[in-house]
């Protein structure tokens, strides 16, 4: 075989037989999915955003990341509202240290609010699920962290989305916010029967080691999210403080 022909054949075959580059392995793939429906007014939205940013850069969360076998998590941030209102705000980042965590937090603080419409938790979960296929990493656990202040009032039933996620071996955790003062002019905001915490426990959360933290207002968001992230990174270990309801 002529040298030039050999070289041409090799150029075609080598990519086919060479092993693909291995994806980075992390301890957790986490989608933070935040409710930005109309019941969340602007001041509450700012408390929520700042709460996420402060939590991801907090010493307890960074220490939990360092203690994992791979010392890293992959995380992205989405906002959801109505059935067709979902937005990827911060794309996947692998966080190993405070420097990258700060980049994530700074990007989150500077991003504009995505929506202010109805509350379609099911559609938000579906959108969050779609992000795992493009994470670019390997990891033994996949978790969707849903925060919200109301029940599903638009789009597909939230249980359908939750059950599909569980079937795909994804855990959904909840941060349920009691909001007695929804956005001005918003009509129809009522707490679901049994309370928002019970609603999230029975309708939204599910999968291995799933849990829900309930807080009384958005001012408590940062501390609750810090506890929640530590618990998620630690895979629900009993040593994690989940004080609250």
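Pop a pseudo-label 7 angstrom from the Cα along the beta-carbon direction at both residue 160 and residue 24 and give the gap in nm to one decimal.
3.7
Could you work out how far apart the two model spin labels at residue 178 and residue 50 are, taking each label as a point 7 Å from the Cα in the direction of the beta carbon, and quote it in nm?
Result for the modelled spin labels: 2.3 nm.
Given a cut-off of under 8 Å on Cα pairs at least six residues apart, what relative contact order in percent is computed for the range 49-108?
Computed over the range 49-108, the figure is 37 percent.
Compute the length gained on full extension between residue 235 and residue 99: take 0.36 nm times their separation in residues and subtract their Cα-Cα distance, giving the result in nm to one decimal.
In short, 46.6 nm is gained.
What distance in nm separates the two pseudo spin-label positions at residue 63 and residue 217, each 7 Å out from Cα along the beta-carbon direction?
Once both label points are built, they end up 2.9 nm from each other.
How long, wide and thick is the range 107-150, going by the Cα atoms along their three principal axes, in whole angstroms, largest first?
Largest to smallest, the principal-axis extents are 34, 26, 15 Å.
Counting other beta carbons within 10 Å of each Cβ, put 92, 80 in order, fewest first.
Placing the least packed residue first, the sequence is 92, 80.
Could you pull the Rg and Dmax for the range 54-127, using just the Cα atoms, both in Å?
14.2, 41
With bins 5 Å wide starting at 0, give me the P(r) of the range 22-233 over every alpha carbon pair, in whole percents.
1, 8, 17, 22, 22, 16, 9, 4, 1, 0, 0
Quick one: length gained pulling residue 110 to residue 167 fully straight, 0.36 nm per residue minus the C-alpha distance?
Extending this stretch completely gives an extra 17.0 nm.
Over all alpha-carbon pairs in the range 75-163, figure out the percentage whose distance exceeds 14 Å.
The calculated P(r) of the range 75-163 puts 67 percent of pairs beyond 14 Å.
As an exercise, use a Förster radius of 45 Å and the Cβ-Cβ distance of residue 91 and residue 202 to find the FRET efficiency, rounded to the nearest 0.05.
Working from the Cβ atoms, E equals 0.90.
I need 159, 99, 232 ordered by Cβ neighbour count within 10 Å, fewest first.
Listed from fewest to most nearby Cβ atoms, that is 99, 159, 232.
Any read-out appearing in this document is the output of simple, stated calculations on the displayed coordinates, not a laboratory observation. Quantities reported herein were computed from a predicted structural model and do not represent experimental measurements. Cβ: placed from backbone, ideal geometry, glycine included. Neighbour counts: every protein chain shown.
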